[in-house]
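Here the structure is laid out as structure tokens; the discussion comes afterwards.
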Amino acid sequence: MRRSCASTTAAGVLVAALAASLAAAPPAAADLDARRGILLTNPGGPGGHGRSLAGYYQGTRVGAVYDVIGMDPRGSGGSSPRLDCESEPLPFYSRPTNAEISDATRSAIRYQRDCERADGDLRPHMTTANTARDMDVIRAALGEETTNYLGYSYGTYLGAVYGSLFPERLDRTVLDSPVHPDGIWRDVFLRQAPAFSANMERYTAWAAEHDDVLGFGATQKEVYATFDATSDRLREEPRTDFPGIVYDSHMFDLELGMLSRFQQNWDLASEYLGYFVRDEPLPTEFTSEMAALAEEEDTGFTEDLMTAVVCEAAWPRRISEYRADAREYRENHPYGGGASWALPQPCTFSGLDRVEPPVELERDGYSEPLLIAGEFDANTDYQSGVAMAARLEGPLITVAGDGGHGFYLPGGLECVSDAVEAYLVDGVVPADLTCQGLPPAELDTEPELDAEELAPLTDQSVPVGLRL
């Protein structure tokens, strides 16, 4: 379905009529007396398109009793107006040289100027608080007294903001892979690189144990040296195996960090990375399949909305602070996101006034939320989940030994699904719970390179893997 929803600023002044694009999956329960109302959802971002979530839970206990609502937040996807800065994408640098730090600074200035020129009247109103108000408009438009909520990553912050603004309207809440409740937004993003480093420690130890098959090195130190030498070579001689993509050292550092998180796929990741380590061409059939999968994929993300939303909070103005942080991160945390979030960002140079400060998160008047956090999640690190659970005084499901991001999903861990569905459907609030993540891959022989299996673990459109 599609509805036109009006949204307001904190002062209650009508700023825009936003055609929020919605999708709803009605409950499949034969007995409509079992219906529990609506379940609003958000996939994260900020900037993630949420309509597709409406159909994710069909066939589950949750889908049987809830009208699951997916929404493209204001400024994104099918909502109108959709932000479009008409600007070149920002460069991605995992371990930037001093010259690249300067280039990143100039690019951030250029991007922010383009955005203010294209959407300067709208961008200040693209805030988490206003998106939460849009959610309440949807609730009211559907004639519901209350809503339930399921949010992932950035969507956990959105849910916490909604609960802080409308506690009397919120019933049951699941916050999967929570952001840290403090340090919005720069400090939240700076937590990613150390979490990638923690995953690299796990992966390099595993790789050293399997040196007889992989040949990356017999000790962690040797494995790191192999990867760093590969990165150095790609800086000097980027590859063009993938159509339309220049695969340089920054791309290698990014993918290496991303792949280090998924212990159940370390065998497949190592087979893939080995082609770069050995400087061998990737199989033509594999690159063709990867290119085809990339063309088919709908990124489901509006980058220009993300850069608007994160400007809802203050960012440092002193460029020297960013330069110092970037130098530290390139040395100590070069994998995954590396120094990318330590560099100056468009918000650093924003000339737009913020319409209101970020909402102070509190739980006063709505029931205990259920939170889920992965021990080695690098997008939102585990301690962020601990902190959000403490702030909202809700039980925490810990997914031990797992670097994933987003756990209550079709085909996910049964331990997580059982607890979430018992909470959302039956109202059973668990005590703190630990679910064991998937075990590391076993490696006896070299695995076959499989594009369909590898593609979800990597993403060529930087910085997709670094969102919340």
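Data for the structure
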| read-out | value |
| --- | --- |
| Convex hull volume per residue in cubic angstrom - Cα atoms of region 65-105 | 116 |
| Separation of alpha-carbon centers, region 98-173 and region 298-347, rounded to whole Å | 18 |
| Positive minus negative residues near Leu424 (Lys, Arg vs Asp, Glu; Cβ under 9 Å) | +1 |
| Range in the chain, longest, excluding exposed GluC sites (Glu not before Pro) [loop by DSSP; at most 15 other beta-carbon atoms within 10 Å] | 146-296 |
| For region 328-399, convex hull volume per residue from C-alpha positions, Å³ | 121 |
| Kirkwood Rh and Cα Rg combined as Rg over Rh, evaluated for the chain | 0.96 |
| Stretch gain in nm, segment Glu88-Ser288, where the contour uses 0.36 nm per residue and the Cα spacing is subtracted | 69.4 nm |
| With 5 Å bins from 0: P(r) over region 372-438, alpha-carbon pairs, percent | 4, 19, 28, 27, 18, 5, 0 |
| At R0 = 25 Å, FRET efficiency that the Cβ-Cβ distance of Glu237 and Glu453 yields, to 0.05 | 0.35 |
| Cα coordinate range in region 103-202, projected on the principal axes (Å, largest first) | 51, 45, 18 |
| At 1.567 mPa s and 4 °C, Stokes diffusion of region 126-273 via Kirkwood alpha-carbon radius, µm² per second | 69 |
| Along each principal axis, Cα extent of region 237-315, largest first, Å | 45, 30, 26 |
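Taken together, the values in this text are just the output of simple stated rules run on the coordinates, not laboratory data. Everything numeric in this text was worked out from a predicted model, so none of it was measured. When we count neighbours, we look across all protein chains shown, and the Cβ atoms used for this are built from the backbone with ideal geometry, even at glycine.
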